[in-house]
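Structure, as structure tokens:
The values are calculated or read from the model by the stated rules, or taken from the named source; none is laboratory data. All values derive from a computational prediction rather than experimental measurement. So basically every Cβ, Gly included, is an ideal-geometry build from the backbone, and we count neighbours across all protein chains shown. Please note that ligands, DNA and RNA were not included when accessible areas were found on the heavy atoms of the full protein model with its side chains. Shrake-Rupley method; radii C 1.70, N 1.55, O 1.52, S 1.80 Å.
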Amino acid sequence: MAIPRPEHPFPQFQRKDWLSLNGPWEFEIDNARSGRDRRFQNRAHLDSTILVPFCPESALSGVGNTDFMNAVWYQRTLTIPDQWEGKRVYLQFGAVDHHTEVYLNGGLVCVHDGGYTPFSADITDRLQPGENRLTVYAEDDVRSPRQPRGKQSEWYASHGCDYTRVTGIWQTVWLEARPEIHIEQVRYEPDINNACLHLWARVRGGATLTAEAFYEGRPVGRAEAVSTGGTARLCLPLDELHLWEAGQGRLYDLRLTYGDDRADSYFGMRQVRLDGHRFLLNGKSVFQRTVLDQGYYPDGIYTAPNERALIRDIELSLAAGFNGARLHQKVFEPRYLYHCDRLGYLVWGEYGSWGIDLSDRGAAEPLLGSWMEEIQRDYNHPSVIGWCPLNETWDYDGRPQCNEILRLLYQVTKEMDPTRPCIDTSGNFHVVTDIFDVHDYDQNPASFKEKYDRLMTEGVLHDPFSNRQTYRGEAVFLSEYGGIRWSERPGEGWGYGEGPQTPEEFLERYRGLTDALLDNDRLFGFCYTQLYDVEQEQNGLYTYDRRPKFDMDFFRKVNGRKAAIED
């Protein structure tokens with residue numbers, strides 16, 4: 001049987017000694033959460049099977065159970081390749097939703113909380129000769145106010161803009177062999193002004209860190225730094241400077257060595273910053289023509305059926321004249337971000353924050369750790385041009401948000417990454433933010449334009465939540481608009497406002513709303529809702545199975561014309 005999703009899950013840091021654990025695993029649902037008491041971690045077999053990395057709710061998993069699953073168990077055997085003798089063996093997970101416990105040969109090797117971010121364990125000392133039994137336990141409760149769920153439905157069925165749930169493993173699981181002395185983590189800081197890459201590494205043991213850069217196969221830079229362990233830093237000067245831009249990835253290949261450790265990577269040279277109302281990419285004002293992408297698939301739910309599906313979503317967006325996306329209420333997999341990097345596609349890093357009770361100060365704990373893991377994971381991707389930890393922080397059972405949680409998330413984000421702008425909470429209710437973004441689903445182009453023209457003529461931003469947040473002159477982003485409902489079955493499906501009656505009415509509404517934003521010299525970007533339908537939400541430009549509803553040439557021409565704020 002072919003291994004599903006066989007490609008390396010982290011293209012930006014690849015060692016040659018790795019082994020995918022995707023494929024058939026034994027599987028069992030544990031709704032009573034009694035499996036630990038019944039010693040499932042020591043059982044010889046579980047009751048059924050599942051195809052990893054697809055979640056049990058998905059058709060591709062072979063399970064297809066869309067009811068609530070409070071806990072699930074996975075099990076398989078693994079054998080370590082002989083050539084890995086003498087190396088450290090790490091077990092790595094891309095993402096498991098939500099609380100995870102991992103056992104090897106019956107012994108606990110790691111615990112992780114957070115359904116969107118990676119984790120790993122050094123299992124070398126737990127391995128035994130021949131076959132080893134790997135067991136994974138995952139708890140998931142989307143109805144808990146302490147668990148972020150993103151767009152997963154807290155009701156039995158999907159409804160409105162909430163969709164099918166995801167439980168357990170939903171990204172690749174793999175093994176990796178490393179020398180005793182090795183690189184643990186790297187961070188890249190592109191410096192376009194001085195044509196160099198600043199590189200910081202966390203390392204294990206003492207050795208010389210060597211970085212070699214290549215562009216289209218040509219060697220263009222080399223640097224070394226000696227470390228006695230802990231960290232290593234170097235500046236890698238580049239003989240050729242090729243800028244990463246919208247629509248032009250221009251990636252450099254990077255070879256890293258540290259002692260006997262070698263990893264293949266890549267980087268892009270670009271700079272993002274705000275200048276008054278403008279968003280600058282490499283010093284030029286670039287209008288963000290972005291689209292809302294939920295990252296859902298009919299057969300895999302959170303998980304793309306294959307790598308081609310990841311690429312196709314970007315291509316569909318580009319075909320409609322967009323130059324980027326808000327990756328909405330989900331942490332997208334690194335393989336997707338690699339293709340964004342390669343294609344010069346602008347994206348916002350966001351967390352799946354919905355479902356958590358932000359009126360409770362204790363909510364900071366489950367959010368903060370996972371959000372920091374996301375920033376750490378995705379820091380080196382040139383396509384990620386901004387961070388947004390939260391989305392629409394509505395009251396929870398009538399209780400307002402705790403502003404200090406938002407302030408903390410913003411401050412931690414800026415401390416970890418001062419190079420990118422941060423939106424504290426997209427849409428509402430802002431506390432401290434680099435960008436004041438607004439969500440507006442007004443379906444009337446005339447009234448929509450009138451509202452935001454006042455920002456140009458009077459310096460007044462239309463804000464329906466002015467009693468809860470204060471505009472202080474920040475750069476402005478219309479980060480959700482449109483959401484025009486159009487279903488192949490008229491009258492069916494969920495969407496925003498009153499849907500148009502004819503295709504012509506749809507297209508004219510789209511043009512009117514979008515022109516109002518492109519013509520506004522105080523707006524640096526928009527995000528249209530949305531790229532494709534998801535289940536009952538029928539406001540995509542494409543259907544859920546990615547068929548175009550209209551001629552994409554129309555959208556490419558409307559979206560693609562020069563914006564008033566652009567250079």
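Hey, if you drop one equal point scatterer on each alpha-carbon of segment 512-552 and run the Debye formula without solvent, what base-10 log of I(q)/I(0) do you get at q = 0.28 Å⁻¹?
So the normalised log intensities are -0.89.
Assign unit charges at the C-beta atoms only (+1 for Lys and Arg, -1 for Asp and Glu), then state the dipole size of the chain relative to its Cα centre in Debye, rounded to the nearest 20.
800 debye
³J(HN,Hα) across segment 437-450 via Karplus (A = 6.51, B = -1.76, C = 1.60, θ = phi - 60°), whole Hz, x for Gly/Pro?
For segment 437-450, the Karplus-derived couplings read 9, 10, 10, 8, 9, 4, 8, 9, x, 5, 5, 4, 5, 4 Hz, x marking Gly and Pro.
Computed from the mean reciprocal separation of all distinct C-alpha pairs, what Kirkwood hydrodynamic radius does segment 28-84 have, in Å? Could you put the intermediate results ahead of the total?
On the way: mean 1/r = 0.0775 Å⁻¹.
Final number for the Kirkwood radius of segment 28-84 is 12.9 Å.
Enter the Cα centre distance for the pair segment 1-80 and segment 372-445, rounded to the nearest angstrom.
What the calculation gives is 33 Å, centre to centre.
Would you give the gap between the C-alpha center of segment 143-213 and the C-alpha center of segment 270-284, rounded to a whole Å?
So the two Cα centres are separated by 26 Å.
Karplus couplings for segment 553-567 from phi (6.51 cos²θ - 1.76 cosθ + 1.60, θ = phi - 60°), rounded to Hz, Gly and Pro as x?
With coefficients 6.51, -1.76 and 1.60, one gets 4, 4, 5, 4, 6, 5, 6, x, 6, 5, 8, 4, 8, 7, 5 Hz.
Grab the chain and count how many Lys pairs have their alpha-carbon atoms under 18 Å apart, sequence gap of 8 or more, or different chains. Don't skip to the answer; put the middle values down first.
Numbers: Lys16/Lys87; Lys151/Lys330; Lys284/Lys562; Lys449/Lys562; Lys549/Lys557.
So the count of such lysine pairs works out to 5.
Just need log10 I(q)/I(0) for segment 3-58 at q = 0.16, 0.21, 0.30, 0.31 Å⁻¹, Debye formula, equal scatterers on the alpha-carbon atoms, no solvent, rounded to two decimals.
With no solvent term, the Cα-only Debye profile gives -0.67, -0.89, -1.23, -1.27.
Skip the ligands, DNA and RNA, and give the accessible area per residue of the chain with a 1.4 Å probe, whole Å².
Details: 21060 Å² over 567 residues.
On a per-residue basis, the chain sits at 37 Å².
Where both residues lie in the chain, what percent of DSSP beta bridges are antiparallel, nearest 5? All intermediate terms of the calculation are to be shown ahead of the outcome.
Working: 97 of 130 bridges.
Looking only at bridges with both residues in the chain, the antiparallel portion is about 75 percent.
To the nearest 20 debye, what charge dipole does segment 315-368 have about its Cα centre, counting +1 at the Cβ of each Lys and Arg and -1 at the Cβ of each Asp and Glu?
Details: 5 positive and 7 negative charges, 35 e Å.
Roughly 160 debye, rounded to the nearest 20.
With +1 on each Lys and Arg Cβ and -1 on each Asp and Glu Cβ, how big is the dipole of segment 347-489 about its Cα centre, in debye rounded to the nearest 20? Let's see the in-between values first.
Values: 13 positive and 25 negative charges, 42 e Å.
That gives segment 347-489 a dipole magnitude of about 200 debye.
Over all directions, how big on average is the projection of the convex hull of the alpha-carbon atoms in segment 130-254, in square nanometres? Mind showing how you got there, number by number?
On the way: hull surface 56.0 nm².
Computed as one quarter of the Cα hull surface, the answer is 14.0 nm².
Can you run phi through the Karplus equation (6.51, -1.76, 1.60; θ = phi - 60°) for segment 18-23 and list ³J(HN,Hα) in whole Hz, with x for Gly and Pro?
Per residue, the Karplus-derived 3J(HN,Hα) values read 9, 9, 5, 9, 5, x Hz.
Determine, at each q value in 0.11, 0.12, 0.18, 0.24 (inverse angstroms), the log₁₀ of I(q)/I(0) that the Debye formula gives when each Cα of segment 239-339 is one equal point scatterer.
The computed values of log10 I(q)/I(0) come out as -0.47, -0.55, -1.05, -1.32.
Among Gly483, Tyr396, Pro548, whose Cα lies farthest out toward the positive end of the dipole of the chain, if unit charges sit on the beta carbon of Lys, Arg (+1) and Asp, Glu (-1)?
My answer, from the dipole projection, is Pro548.
Classify segment 178-312 as rounded, prolate or oblate from the Cα gyration tensor: take a ≥ b ≥ c as the square roots of its eigenvalues, call it rounded if a/c is under 1.5, otherwise prolate when a/b beats b/c and oblate if not. Mind showing how you got there, number by number?
Working: a/c = 2.13, a/b = 1.32, b/c = 1.61.
It comes out oblate by the Cα gyration axes.
Would you mind telling me the antiparallel percentage of the DSSP bridges in segment 88-169, rounded to 5?
Numbers: 19 of 20 bridges.
Bridges in segment 88-169 that DSSP calls antiparallel: roughly 95 percent.
With a 1.4 Å probe and every protein chain kept in, tell me what percent of the accessible surface of segment 347-444 is carbon plus sulfur.
Numbers: 1460 of 2990 Å².
Carbon-and-sulfur percentage of accessible area, whole number: 49.
List the residues, sorted by chain then number, that are 5 or more residues from Val109 or on another chain and whose placed amide H is less than 5 Å from its amide H.
So Val109 has HN proximity to Val102, Tyr103, Leu104.
Please work out whether segment 350-461 counts as rounded, prolate or oblate from its C-alpha gyration tensor, where a ≥ b ≥ c are the square roots of the eigenvalues and a/c under 1.5 means rounded, while otherwise a/b larger than b/c means prolate and anything else oblate?
Values: a/c = 2.23, a/b = 1.41, b/c = 1.59.
Oblate, since a/c reaches 1.5 and b/c is not below a/b.
Check which residues have an amide H placed less than 5 Å from Thr543's amide H, if you skip close sequence neighbours.
Here the answer is Asp533, Lys549, since their amide H atoms fall under 5 Å of that of Thr543.
For segment 230-290, what % of the accessible area comes from carbon and sulfur atoms, probe 1.4 Å?
Using a 1.4 Å probe with all protein chains present, segment 230-290 comes out at 40 percent carbon and sulfur.
Taking the Kirkwood radius as the inverse of the mean 1/r across Cα pairs, report the Rg/Rh of the chain.
Dividing the radius of gyration by the Kirkwood radius yields 0.96.
How much of the accessible area of segment 526-567, probe 1.4 Å, is carbon plus sulfur, in whole percent? Before the final figure, lay out the partial values.
Details: 760 of 1470 Å².
Roughly 52 percent of what the probe reaches on segment 526-567 is carbon or sulfur.
Helix-only mean residue ellipticity at 222 nm, the chain, DSSP H runs n ≥ 4 weighted -39,500 (n - 2.57), per residue, nearest 500. What is it? Please list the in-between numbers first.
On the way: 7 runs with 90 residues, N = 567.
Taking each H run of at least 4 residues, the total per residue is -5000 deg cm²/dmol.
Label segment 5-126 by shape, choosing from rounded, prolate and oblate, from the square roots a ≥ b ≥ c of the eigenvalues of the Cα gyration tensor; if a/c is under 1.5 it is rounded, and otherwise prolate applies when a/b is larger than b/c, oblate when it is not.
Values: a/c = 1.76, a/b = 1.37, b/c = 1.28.
Prolate shape, in that a/c is at least 1.5 and a/b is the bigger ratio.
So for each of 52-63, 554-565 I average, over its residues, the number of other beta carbons within 10 Å; can you give me the resulting order with the highest mean first?
Working: 52-63: 24.1, 554-565: 16.8.
Answer by packing, highest mean first, reads 52-63, 554-565.
Provide Rg and Dmax in Å for segment 201-270, with only Cα atoms included in the calculation.
So, for segment 201-270, Rg and Dmax equal 13.1, 41 Å respectively.
Please give the peptides 262-270, 79-87 ranked by average Cβ packing (other Cβ atoms within 10 Å per residue), highest first, as a rough proxy for protection. Could the numbers behind the result be given before it?
Details: 262-270: 20.4, 79-87: 12.3.
In decreasing order of mean packing, 262-270, 79-87 become 262-270, 79-87.
Please list the non-local residues whose amide H lies under 5 Å from the amide H of Tyr345, H modeled 1.01 Å from N, same-chain partners needing a gap of 5 or more.
When sequence neighbours closer than 5 places are left aside, the close amide H contacts are Gly247.
What is the gain in length, in nm to one decimal, between Phe214 and Arg202 on full extension, counting 0.36 nm per residue of separation less the C-alpha to C-alpha distance? Kindly include the intermediate steps, with their values, before the conclusion.
Details: separation 12, 0.36 × 12 = 4.32 nm, distance 2.27 nm.
Difference between extended and current length: 2.0 nm.
Rank by packing, highest mean first: peptides 373-384, 206-217, with packing defined as the count of other Cβ atoms within 10 Å averaged across residues.
Values: 373-384: 21.5, 206-217: 17.1.
So the peptides 373-384, 206-217, ranked by packing, come out 373-384, 206-217.
Semi-axes of the equivalent ellipsoid for segment 417-558, please: Cα gyration tensor eigenvalues, times 5, square-rooted, ordered largest first, whole Å. Mind dumping the intermediate values first?
Working: eigenvalues 160, 57, 41 Å².
Ellipsoid semi-axes (Å, largest first): 28, 17, 14.
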